[in-house]
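The values are calculated or read from the model by the stated rules, or taken from the named source; none is laboratory data. Computed from a prediction, not measured in an experiment: that's the story for all the values here. FYI the Cβ positions are ideal-geometry reconstructions off the backbone, even for glycines, and counts take in every protein chain you see.
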Amino acid sequence: MAETTHLIGLLLGTEDDWPTAFETLVSRLGPITDASGHNHRIATERITMEPFDLRDRPRYGLVIDRLAYWYYLPREWLKKVALMNDVYLLNSPFTFQAMEKHAAYCAMIRLGLKVPPTVLVPHKDPPDNARFQYTAARYNQPFDLSAIAEQIGYPLFMKPYDGGQWIGVSRVRNREELERAYDDSGRRLMHLQASIEDFDVFARSLSIGPETMVMKFRPEEPMHDRYEVAHDFLSPDLGDEVLTISRLVNAFFRWEFNSCECLVRGDQVHPIDYANASPDVALTSLHYYFPWAMKTLLKWCTFCLVTGRRPQLDLDTRRYFEIGDREDLSYEDKLAAYRRLSDEYFEADRYHDFCASRLSHVDELVLDWVDSADFDRLLVNTVRATYPAHEQERFVAHLRGLVGQWVREQGRDPIAG
Ligand SMILES: Nc1ncnc2c1ncn2[C@@H]1O[C@H](COP(=O)(O)OP(=O)(O)O)[C@@H](O)[C@H]1O
Ligand SMILES: [Mg+2]
């Protein structure tokens, strides 16, 4: 029977844990038969850096990118393969670069979401450009940082408009702290944002295609303890709201692998960080949730490749704004309408049908592997690569315990742990 092999390219930096997991699962997937009876195989390859001719034809059908946010050669290669070769990308290099946290706030505010009051202030130190002094003298308005802060109210957050990994983020309680934080910000452009104090839940959701895992996050804990294994920590309505907001932002910007942060206080959901398109999927931080992430990544990539889903680089912001701008619709009505648009973008029904009819063996396959000595080796190697010698035993036990809990909940006793 005729067969097509689809190659997934992995654009990686230092991480080795989830790529190894993903490669292993792909190698165990076996052929997938589409509705017309044609067989498809999926393979993976780690992409290496080299000069490229703009007219080269890439061998990849899909690329998972973890690198382009700081490394420009692969970034430009991604743009080339997106524009010229229709390679399917997780995520679009265009919106990921242009639409940082700031752009996500802007879109979400227009769409009616409850982003805390946020002001962008000019950078403290001038850009390194000979024209700056002249331009600033002519056009820059003096401004009173302290008055802006008073207006927002203390405590507030000062954070980079395009930030990540908490770098440059400070919680500012008074005028002295404000001035210190601003002095420290240098050439980085900063937002001042009202703080959501005494929130009940920090919900961090990881979305892959049309699937979302909403997790309870504890930012004050060390990385390995930040995701709490908790299931009913939000009411069904709030859980659904967080999930809808995550999918909405992703569909709006064409992000298909992204993590999103919401602070929930009472019955109000406040999005604070919505552009993490190279999301943390480390085994050591996701632990219990790691098998879900790998399984979903496998399913979504397979769906895109086997069904020939076309990458959609163009945004259709207008359809979303037409809903957001309506005054006759309530917040709930808008969310319901956004949910329909995002389900449509992600082809949610078709994806779930595909998983049921073509990928019904995947859950078992992932469980078998996570419950195997091979996975345990990965776990031990990852701990060895991540923690100093005197902490390794503790972290192996910690991870075995949490992954074992996942295995047990799938209805089986773990062999390790
Ligand atoms: N408006 C806010 N209210 C309360 N806490 C906030 C707010 N903004 C940021 N934080 C806290 O600061 C952390 C880092 O800010 P965030 O916007 O997520 O930046 P980064 O992109 O660096 O992760 C958040 O995880 C949260 O704990
Ligand atoms: Mg964050």
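What to note about this one:
- Enumerated strands (runs of 3 or more DSSP E) restricted to segment 1-117, each holding at least 2 residues that are farther than 26 Å from residue 276 by Cα: 3-11, 39-46
- Selection of first residues in segment 348-361 that are closer than 14 Å to residue 306 by Cβ and of second residues that are of a type in the set (D, E, K, R), restricted to Cβ pairs under 6 Å at least 6 apart or on distinct chains, gives the following pairs, ordered by first then second residue: 355/299; 359/299.
- Selection within segment 10-24 - farther than 21 Å from residue 366 by Cβ and in contact (Cβ under 8 Å) with a residue 60 or more places away in the chain: 11
- Subset of segment 137-167 (residues that are among the basic types (Lys, Arg) and not in a helix (DSSP H, G or I)): 159
- Selection within segment 168-192 - part of a loop (DSSP other than H, G, I, E, B), more than 15 Å from ligand 1 (Cβ to nearest atom) and of a type in the set (Lys, Arg): 187
- Residue that is nearest to residue 20 (Cα to Cα) [pool: residues in segment 298-321 that are of a type in the set (Lys, Arg) and assigned to a loop (DSSP other than H, G, I, E, B)]: 309
- From the list 354, 395, the one residue that fits, being modelled with pLDDT of 95 or more and under 19 Å from residue 42 (Cβ atoms), is 354.
- Selected residue (criterion: farthest from residue 41 (Cα to Cα)) from residues of segment 300-320 that are touching a residue at least 60 places away in the same chain (Cβ under 8 Å) and over 23 Å from the mean Cα position of the chain (by Cα): 307
- Considering only residues in segment 170-189 that are within 28 Å of residue 215 (Cα to Cα) and crowded, with 17+ Cβ neighbours inside 10 Å, the one that is farthest from ligand 2 (Cβ to nearest atom) turns out to be 172.
- Qualifying position, being polar (S, T, N, Q) and surrounded by 14 or more Cβ atoms within 10 Å (Cβ to Cβ), among 48, 24, 5: 24
- Total residues in segment 192-215, condition touching a helix residue (DSSP H, G or I) at 6+ places or on another chain (Cβ under 7 Å) and surrounded by fewer than 20 Cβ atoms within 10 Å (Cβ to Cβ): 2
Listed here are the residues, each with its yes/no results for (1) under 30 Å from residue 352 (Cβ atoms); (2) within 16 Å of ligand 1 (Cβ to nearest atom).
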| site | (1), (2) |
| --- | --- |
| 122 | no, no |
| 127 | no, no |
| 148 | no, yes |
| 166 | no, yes |
| 194 | no, yes |
| 202 | yes, yes |
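- For segment 119-144, residues that are more than 20 Å from residue 162 (Cβ to Cβ) and in contact (Cβ under 8 Å) with a residue 24 or more places away in the chain total 0.
- Each residue in segment 143-197 was checked for being within 17 Å of residue 275 (Cα to Cα) and among the charged types (D, E, K, R), and 2 pass.
- A residue that is farther than 21 Å from residue 313 by Cα and within 12 Å of ligand 1 (Cβ to nearest atom) occurs somewhere in segment 221-233.
- Taking the criterion of being more than 12 Å from ligand 2 (Cβ to nearest atom) and within 12 Å of residue 203 (Cα to Cα), the residues of segment 269-298 that qualify are 269, 270.
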